[in-house]
1. Give me a comma-separated list of calculated 3J(HN,Hα) values for the stretch 114-120, in order, Karplus coefficients 6.51, -1.76, 1.60 applied at θ = phi - 60°, integers in Hz, x for any Gly or Pro.
2. Looking at T325, V272, G315, which one has the Cα that reaches farthest to the positive end of the dipole of the chain (charges on Cβ: Lys, Arg +1; Asp, Glu -1)?
3. Thinking of the chain as a set of Cα atoms, what percent of all their pairs are more than 38 Å apart?
4. Please list, in order along the stretch 227-233, the HN-Hα scalar couplings obtained from phi with the Karplus expression 6.51 cos²θ - 1.76 cosθ + 1.60 (θ = phi - 60°), rounded to whole Hz, x for Gly and Pro.
5. Compare the peptides 289-300, 208-219 by average per-residue count of other Cβ atoms within 10 angstrom and give them in order, highest first.
6. Find the centroid of the Cα atoms in the stretch 255-324 and in the stretch 232-253, then give the distance between the two in whole Å.
7. Taking 2.2 N^0.38 Å as the expected size of a compact globular protein, what ratio does the Cα radius of gyration of the stretch 117-226 give against it, to two decimals?
8. On average, how much area does the Cα convex hull of the stretch 242-282 cover when viewed from any direction, in nm²?
Amino acid sequence: MLNRREIVATGLSAIVGGAAFAPYGAAAQISGTAFIISGFPAGGIGDLISRPMAEKMRGSYATNVLVDSKVGAGGRLAAEFVKRSNPDGLTILQIPSSVMVLYPHIYKSLNYDPLADFAPVALIADIPQLVVVRVDLGVSSFRELLDYARKNPGKLSFGVQGLFGEMRMTLEHFKKTAGMSVTHVPYNSGAQAIIDLLSDRLDAMFLVIPPIKQHVQDGKLIALATLNATRVQAVPNIPTMAELGRPEMTSSIWFGYLAPAKTPDAIMNKLVQAFQALKSDQALKQRVIEMGAELTLTGPAEFGTLIDQDRRRYGKIVAEGNLATQN
């Protein structure tokens, strides 16, 4: 029999459809308060998605469902907390993709094993990225951005939120595949980067949609392309990288839920059912779309496949760019 580590590594959909998880349907609620553990402060993208989900799971999955933040180390502290928690279904990890698929390649030492310490429950949302430029740069298409960068090597300032996040990896992959040189400008805060874009102190950046959606719609920033596989419902007029001849740039930042390893199958089944039941909630779906994200709610096997694919993709980018840290 395959263990959950093998499910993540191979993503065999038969595991979900077969013996490991029963068909979706009614299941008795768990007694007690379940906590969705986030590694980031209240008000962030993941938090804004998780809170309405917690409300809808209250009374169906568990007696009560709350969102709690364990902030620090880019989500690693939250992962460590859940790893140490009892596998009783009352502690659920909500994380962005970096915690599972990028950090294992970046950091030499982690206090958790993404494959051995967790069991995937559900992929909840994709957070598409856009490549945006300041209005006065004089660039109105992705092709023009490439031409500008190649004619002015090192002149184009490209902001990056965080030293080792997904957007840094996106920029590194972009530079390599496009064969160009840009000036990398790191930011601790995406908000500060947006201020600098609006103030003409920064030329361009890869950013997730929610914090810049209104600026793009108001014409204060120019969005050249989305990195999503298909056009994004929140900004349907913006072409994908694949449409522009750069399919290798297709990627997204995602949020998902995981349970501690060794969570009993009966409890895992309840968790899967609880999340799958949210698929039919049109109000929740619309709320997520309006943020600039896309509700996915795929099951454990498909989520496991994505984890494995992204883990391999980021591993290659980190190795080629020699981006791993020494700690």
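Read the figures in this text as sums done on the coordinates, not as results from a lab. All values reported here derive from a predicted model rather than from experimental measurement. Cβ atoms come from the backbone with ideal geometry, glycine included; neighbour counts cover every protein chain shown.
1. Coupling constants for the stretch 114-120: x, 8, 7, 9, 9, 10, x Hz.
2. Among T325, V272, G315, the one farthest towards the positive end of the dipole of the chain is T325.
3. When every Cα pair of the chain is considered, 16 percent fall beyond 38 Å.
4. Rounded to whole hertz, the list is 8, 5, 5, 10, 4, 8, 4.
5. 289-300, 208-219
6. Going from one Cα centre to the other spans 20 Å.
7. Cα-based Rg divided by the globular estimate yields 1.10.
8. Seen from a random direction, the Cα hull of the stretch 242-282 projects 5.2 nm² on average.
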